[in-house]
Each structure stands twice: as C-alpha cells, then as structure tokens.
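Novice: Below is one structure. I have some questions about it.
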Amino acid sequence: MSKTDHNFHLDSLDKKIINLLNTDARMPFVEVARRCKVSGAAIHQRVAKMEEAGVLSGYYLKLNPKGLGYLTCAFIGIQVNLTSTSTHDEVFRKIMKIPEIVECHHISGKYSLLVKLYTRNNEHLKQVIVEQIQSIPEITFTETFISLETGFERELSM
C-alpha cells in the first residue's frame, strides 16, 4: 500500500474521474473516458497515478448489514488503562479480533477508542459488549450509543 502524497495535485479531470467512480465504482474506464471526453489510456494513467499517490485506496463491495440480518448499529466509546506490561497496540489487536466491529478510531477526549459495530439485535450487542469487549483486562469503561437510523453516509466529493 502506498503512502499518501500530500503534494499530489488533483486537477479538474482527476476530480471528474473521482466523482464518476464515487457514483459507480463499477463503471468501466471506457465509459469514464467517454464522459470525460478523453482516451481510455488517459483514464488508466490518471487512476494509476491517484492510486500511487494514495488518493484512491481501492475498490470494494459494500455489504448492507440489515440485508445480512445485522439490525443493530452501535458506537462504543472505550476507556483503556494500560498496565506496565500492556501496550495500546495489544489492546487494539484484541479489538480487531471481534468480527462485529467494523471500524475502530483512536480519538482524543474522554475515550481512547471509538468503535462502530453491527449486531443481529440488542441481545447480541449486549453479549459482544460483556463477553468480548469488557472482558479485555485493559478496558476499564465503555459507553454505548445505539444508532436509531443512519441519516446519511457518503464519501468525500470533489
């Protein structure tokens, strides 16, 4: 994986390519080229340069958690109290092993970590909190926020 090149300059064509692929990541490059009025080779070159600069970091299939039976989305603030024998990375690795957690952020403020997770229902959420998250010895406190509804999700636009 490449490092992000903070000096990389996006021009209007790059931005148009990003917006088209943001709308439909499966759009063939030949169609992107047609809409941008440039050659397919130009699109391939531009996308490759943006990938190399770390502007584009991949293409992926987006699963719908509700369609898979995961009806509860929650965010959990986690306080971590490290001992002389434990490290933040060790706690982070333990958190990574919990499959219901889809995001983990190192944050400032009251909590050390903020995680986003999906569970089948509130009972499953309680089980994950008690049996997996709170069973990590370095975790001293958690606060759970259940999402009632997603207002919107989006990628950055250009």
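Novice: Roughly what angle does helix 40-52 make with the longest principal axis of the chain, taking Cα atoms, 0 to 90 degrees, to the nearest 10?
Specialist: 30
Novice: When the Karplus curve 6.51 cos²θ - 1.76 cosθ + 1.60 is applied with θ = phi - 60°, which whole-Hz ³J(HN,Hα) does each residue of the range 69-77 get, with x for Gly and Pro?
Specialist: For the range 69-77, the Karplus curve yields x, 9, 8, 10, 10, 9, 10, 10, x Hz.
Novice: If the only charges are +1 at each Lys and Arg Cβ and -1 at each Asp and Glu Cβ, what is the size of the charge dipole of the range 1-62 around the Cα centre, to the nearest 20 debye? Mind dumping the intermediate values first?
Specialist: Details: 10 positive and 7 negative charges, 43 e Å.
Roughly 200 debye, rounded to the nearest 20.
Novice: Along each of its three principal axes, how wide is the spread of alpha-carbon positions in the range 1-62, in whole angstrom units, largest first?
Specialist: 30, 28, 17
Novice: HN-Hα J couplings of the range 103-116 from phi, Karplus 6.51/-1.76/1.60, θ = phi - 60°, integer Hz, Gly and Pro as x?
Specialist: 3J(HN,Hα) across the range 103-116, in whole Hz: 9, 9, 10, 7, 10, 9, x, 4, 10, 7, 10, 10, 10, 10.
Novice: Have a look at THR119, THR144, THR87 and tell me which one the Gaussian network model of the chain (Cα, springs below 10 Å) gives the largest fluctuation.
Specialist: THR87
Novice: Oh, and also: When a footprinting reagent is the concern and you count Cβ atoms within 10 Å, what order do SER86, SER157, SER108 take, fewest first? Display every interim value, and only then the final one.
Specialist: Values: SER86 15, SER157 9, SER108 6.
Fewest-to-most Cβ neighbours within 10 Å comes out as SER108, SER157, SER86.
Novice: Net charge within 14 Å of VAL80 by Cβ-Cβ distance, Lys/Arg positive one each and Asp/Glu negative one each, not counting VAL80 itself? Walk me through the intermediate numbers first.
Specialist: Numbers: positive: ARG93, LYS94, LYS110; negative: ASP89, GLU90, GLU138, GLU143.
My count for the surroundings of VAL80 gives -1.
Novice: Treat the count of other C-beta atoms within 10 Å as a stand-in for reagent exposure and order TYR59, TYR118, TYR70 from fewest to most. Don't skip to the end; give the middle numbers.
Specialist: Numbers: TYR59 9, TYR118 22, TYR70 18.
So the ranking, lowest neighbour count to highest, is TYR59, TYR70, TYR118.
Novice: Still on this model: Using a Förster distance of 22 Å, how high is the FRET efficiency between ASN122 and LEU63, based on the Cβ-Cβ distance and rounded to 0.05?
Specialist: 0.60
Novice: What order do you get for ILE76, ILE18 when you list them from fewest to most C-beta neighbours inside 10 Å?
Specialist: Numbers: ILE76 24, ILE18 20.
In order of increasing Cβ crowding within 10 Å: ILE18, ILE76.
Novice: Suppose every K and R has +1 on its Cβ and every D and E has -1 on its Cβ; what is the size of the dipole of the range 66-147 about the Cα centre, in Debye to the nearest 20? Show your work: numbers first, answer last.
Specialist: Working: 8 positive and 8 negative charges, 39 e Å.
That gives a dipole near 180 debye.
Read the figures in this text as sums done on the coordinates, not as results from a lab. Worth saying up front: this structure is predicted, and the values here are computed from it rather than measured. We place every Cβ from the backbone using ideal geometry, glycine too, and count neighbours over all the protein chains shown.
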